[in-house]
Amino acid sequence: MTPPRTRPPFTADERTQLVGWLDMQRAIIHWKCEGLSEEDAHRSVLRDSPLMTMAGVVSHLRWVEHAWFEVLFLGRPAGASPQFVDEPEDADMMVEGVPLAQLLHEYERQCAVSNEIIADHSLDDVGKHPDFTSAAASLRWMLIHMIEETARHAGHVDTIRELLDGEKGYY
């Protein structure tokens with residue numbers, strides 16, 4: 001089931017508004033994937049960006065959430081995250097053969113973990129990973145960055161979806 005696409009309340013506190021905007025962008029990603037065939041989910045429509053597929057973007061967003069909230073903010077090891085490998089470039093978008101439903105489920109789970117981390121810490125807390133300078137950012141900064149990152153890719157998937165089958169719409 002696609003998460004609801006609702007804007008946060010006009011007068012909510014800062015955390016509610018920030019998480020609300022991020023959740024809405026995340027929901028748009030899910031919505032844009034509704035009804036896609038596996039073939040279309042893995043089909044590139046941009047000649048010069050063959051990894052920019054619906055499935056590739058969903059995977060990328062999952063790993064970006066993991067990188068910023070678990071690795072950079074909490075200081076956990078990068079582990080098998082493709083966000084932290086030099087080669088191949090864009091490894092997080094290489095998902096040929098991975099079902100879209102699985103990728104969406106993994107993204108949804110990762111977003112839930114991210115939201116737990118956000119709920120458990122002050123927006124003024126800074127990241128803890130000693131090996132990355134980006135960890136010096138506050139949780140607030142990371143959250144705003146994730147809104148920007150997710151919204152930018154929501155625009156990408158909107159365009160990809162329209163090129164795949166003509167479906168369009170904002171929310």
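FYI, it's all coordinate maths here, none of it is from the lab. Keep in mind it's a predicted model, so treat the numbers as computed, not measured. With ideal geometry, Cβ positions are generated from the backbone for all residues, glycine too; neighbour counts draw on all protein chains shown.
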Practice task
Would you work out the relative contact order for the chain, in percent, from Cα pairs under 8 angstrom that are 6 or more residues apart?
Solution key: 27
Practice task
Count charges around Lys128 for me, please; just the other residues with Cβ under 12 Å from its Cβ, Lys/Arg as +1, Asp/Glu as -1.
Solution key: -2
Completion exercise
Charge tally for neighbours of His153 with beta carbon under 14 Å away, counting Lys, Arg as +1 and Asp, Glu as -1, is -1
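Which net charge results for the neighbourhood of Val64, defined as the other residues with beta-carbon distances under 14 angstrom from its beta-carbon, given Lys and Arg at +1 and Asp and Glu at -1? Please list the in-between numbers first.
Values: positive: Arg26, Arg62, Arg152; negative: Glu65, Glu70, Asp90, Asp92, Glu106, Glu148, Glu149.
Here the count lands on -4.
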Practice task
Rank these for me by crowding, Leu143, Leu123, going from fewest to most other beta carbons within 10 Å.
Solution key: Leu123, Leu143
Practice task
Could you work out the longest stretch of the chain that avoids the trypsin sites (Lys or Arg not before Pro) located in DSSP loops with at most 11 other Cβ atoms within 10 Å?
Solution key: 48-167
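Add -39500 (n - 2.57) for each DSSP H run of 4 or more in the chain, then divide by its residues: what number comes out at 222 nm, to the nearest 500 deg cm²/dmol? Could the numbers behind the result be given before it?
Working: 5 runs with 83 residues, N = 171.
Value at 222 nm, helices only, nearest 500: -16000 deg cm²/dmol.
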Practice task
Working from Cα positions, state the angle (0 to 90°, nearest 10) between the long axis of helix 100-119 and the longest principal axis of the chain.
Solution key: 20
Practice task
Using only the C-alpha atoms of segment 1-133, find the volume of their convex hull and express it per residue in Å³.
Solution key: 130
